[in-house]
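Encoded as structure tokens, the structure appears first; notes follow it.
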Amino acid sequence: MRRRVFAVTMAGLLMAFPALAKHKDKVMPTYILSARTVAVIVDPSAGIDPDDPRANEVAQKDVATALMNWGRFQPVMSPEGADLVIVVRRGHGRLVDETIPDSRQNNRAGVVNPTEDGIGLGGQRSSQAPLGTPDGTTRYPPGQSPQSQIPQPQTEIGGAEDSFVVFDGKTARPLDGTPGWQYMAQDGLHPHNVPAVEEFRKAVAAGDKAAAAAATKKP
């Protein structure tokens, strides 16, 4: 019997709290305005859409490229020491959808990925691989089997829209903190033009203006 795993995405959690949705906050946190470096990762709870298996990977690269073209922040490979961590996820247009979990999305060479102690650099060795034997058979590590190597479909609740969430990278566990800014919209991570980055750019510009105005009012 095929198992079904229910997963609530980060986008779904944001939708559950009106105070955090829909996209931009009125006050831009100081740590965002003073940030210089940024790491972009895929939402750890996001599964792979069978209809578009590389959607999140492409979105991650598009966001990093758009940030680099902007020039305000410098994208870095590892969030170790990064000022900001931006979590992205492509939506699938449906509130409930079946996807395939893949822990390797943030564990490829040149990609940053969450760990128990924070976030590490992709390309590191992950779970123990099956071992070959002299007789040509495959021996699996304890607790693993051919069936355990096959990803089981999961039903995702939430995440119908693209999401772009900004966290303070200077905290011990960035993704456990409260987002400093977020944007959720249909095609918000559309390839090449990436509307979420443009909205973030506008919000940062407004934050700079508000901060400058506040500074002039001080005695």
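Note that the range 172-189 has calculated 3J(HN,Hα) couplings of 4, 10, x, 6, 8, x, 7, x, x, 6, 8, 9, 10, 6, 5, 6, x, 10 Hz, one per residue in order, obtained from phi through the Karplus relation 6.51 cos²θ - 1.76 cosθ + 1.60 (θ = phi - 60°); glycine and proline are x.
Over its Cα atoms, what ratio of radius of gyration to 2.2 N^0.38 Å does the range 26-90 give?
1.21
FRET efficiency for the pair Arg54 and Ala211, taken as 1/(1 + (r/R0)^6) with r the Cβ-Cβ distance and R0 = 30 Å, rounds to 0.20. Sequentially through the range 63-77, phi angles give Karplus couplings (6.51, -1.76, 1.60; θ = phi - 60°) of 5, 4, 5, 5, 5, 5, 5, 5, x, 6, 10, 9, x, 10, 6 Hz, Gly and Pro residues having no value and appearing as x.
We did not get these values from a lab; they are worked out from the coordinates using the rules stated. Nothing here was measured: the structure is a model prediction, and the numbers come from that model. Glycine also receives a Cβ, built like all others from the backbone with ideal geometry; neighbour counts cover every protein chain displayed.
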